[in-house]
């Protein structure tokens, strides 16, 4: 029963997020809005974290599985990409590295600035 | 009759689950963290689909139960955010900076590299939002005149690549701060990067999930403006 209860709460926030997404013209997907709404509800103590922990852990720890079926679309799309597949692949891979380096160094840079200004910049692990 | 069995929903669901479990098993046995279960599961499924002549679109349709769970899974990341709220608030400036920089670098790097390699302009607009979670990426590329299929595959390959090499690459670049690692994984490789970041640690996972969402919003704002500015 606890699992169903937890799943129901998560689905309720998903539905709420979806409704909000429709209202703002799909600018942000419902799942992302649902995540923000759930976070807000947890902070406001409207939802107890323990009521959804079991289901949330099950979902997030198996996230990779959930992406697998969508990936098979590559078989159908291959014809379109194959004309310049090498260039396409190079762009995807190298720009991913670029974004990763840019964001990673941005955080390190802001942290460094903060430490130089003398404030404690450590994190809770 | 045989083809009816092999094309049935339970069989195709079992194929996905079985290939994933096998992928996880191989990774645990081999002790190679880089060996993403997806990397093992995908070739197995492609081989089965080709050998038994199963339509990819039929396979995807039959596995909607699994794909649908992505929605609740992203919502569930709200709990991960809550668990690390103190750390997130303390690092909000760094996270916000990273997301703004990441969204601009993401779009500009794709456009410049496509032009440098003389790729068709269709690739340019279809891939501009490739670092963003799929539903947002599609909503960004469609109005710009992108091709949905190219967008989807680029987003998937970008995620898979980041999920596989991300942690090692970041270590190589000297980026070790857990917040920085999480921000980089989520910003560059959306959900698949986040799935991998969760394995690296709870802080990395929480920051990654947050950055995945923020990056989607930032790119949605930045991409149309930059594309207009970069128009030839």
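So, residue A:56, is that one under 30 Å from residue B:65 (Cα atoms), part of a helix (DSSP H, G or I) and modelled with pLDDT of 90 or more or not? Spell out how you get there, then give the answer.
Working: under 30 Å from residue B:65 (Cα atoms): yes; part of a helix (DSSP H, G or I): yes; modelled with pLDDT of 90 or more: yes.
Here the answer is yes, as residue A:56 does meet what is asked.
Quick check, is residue B:135 within 19 Å of residue B:226 (Cβ to Cβ) and surrounded by fewer than 24 Cβ atoms within 10 Å (Cβ to Cβ)? Explain how you work it out, then say what you get.
Working: within 19 Å of residue B:226 (Cβ to Cβ): no; surrounded by fewer than 24 Cβ atoms within 10 Å (Cβ to Cβ): yes.
In short, no.
Of the conditions (1) buried (at least 21 other Cβ atoms within 10 Å of the Cβ); (2) within 18 Å of residue B:214 (Cβ to Cβ); (3) modelled with pLDDT under 90, residue B:90 clears all except one; give me its number.
(1)
If I ask for residues that are more than 7 Å from chain A (Cβ to nearest Cβ) and not in a helix (DSSP H, G or I), which ones from region B:53-76 would you list? Steps first, please.
Going residue by residue through region B:53-76, those that are more than 7 Å from chain A (Cβ to nearest Cβ) are B:53-55, B:58, B:61-62, B:64-65, B:68.
Scanning region B:53-76 gives B:53, B:54, B:55.
Could you identify the single residue in B:138, B:92, B:117, B:79 that is without any contact (Cβ under 8 Å) to a residue 60 or more places away in the chain, in contact with a helix residue (DSSP H, G or I) (Cβ under 8 Å, 6 or more places away or on another chain) and more than 7 Å from chain A (Cβ to nearest Cβ)? Walk me through how you get there before you give the answer.
Numbers: B:92 fails: in contact with a helix residue (DSSP H, G or I) (Cβ under 8 Å, 6 or more places away or on another chain); B:117 fails: more than 7 Å from chain A (Cβ to nearest Cβ); B:79 fails: more than 7 Å from chain A (Cβ to nearest Cβ).
Only one candidate passes the filter, namely B:138.
Matching residues to (1) touching a strand residue (DSSP E or B) at 6+ places or on another chain (Cβ under 7 Å); (2) farther than 25 Å from residue B:103 by Cβ; (3) within 7 Å of chain B (Cβ to nearest Cβ):
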residue: A:59; (1), (2), (3): no, yes, yes
residue: A:66; (1), (2), (3): no, no, yes
residue: A:76; (1), (2), (3): no, yes, yes
residue: A:79; (1), (2), (3): no, yes, no
residue: A:88; (1), (2), (3): no, no, yes
residue: A:91; (1), (2), (3): no, no, yes
residue: A:101; (1), (2), (3): no, no, yes
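Does region A:1-14 hold any residues that are surrounded by 12 or more Cβ atoms within 10 Å (Cβ to Cβ) and either in contact with a helix residue (DSSP H, G or I) (Cβ under 8 Å, 6 or more places away or on another chain) or at the interface with chain B (Cβ under 7 Å from one of its Cβ atoms) (or both), and which are they?
Taking region A:1-14 and keeping what is surrounded by 12 or more Cβ atoms within 10 Å (Cβ to Cβ), we get A:2, A:5-14.
Of everything in region A:1-14, those that are surrounded by 12 or more Cβ atoms within 10 Å (Cβ to Cβ) and either in contact with a helix residue (DSSP H, G or I) (Cβ under 8 Å, 6 or more places away or on another chain) or at the interface with chain B (Cβ under 7 Å from one of its Cβ atoms) (or both) turn out to be A:2, A:5, A:6, A:7, A:9, A:10, A:11, A:13, A:14.
Spot the failing condition for residue A:25; the list is (1) out of contact with any helix residue (DSSP H, G or I) (no Cβ under 8 Å at 6 or more places or on another chain); (2) farther than 23 Å from residue B:148 by Cβ, and only one is missed.
So the condition that residue A:25 fails would be (2).
What are the residues in region B:168-185 that are under 27 Å from residue A:85 (Cβ atoms) and more than 7 Å from chain A (Cβ to nearest Cβ), if any?
Matches in region B:168-185: B:168, B:172, B:185.
The values are calculated or read from the model by the stated rules, or taken from the named source; none is laboratory data. Note that this is a predicted model, so its numbers are computed, not measured. Here Cβ is always computed from backbone atoms with ideal geometry, including for glycine, and neighbour counts include all displayed protein chains.
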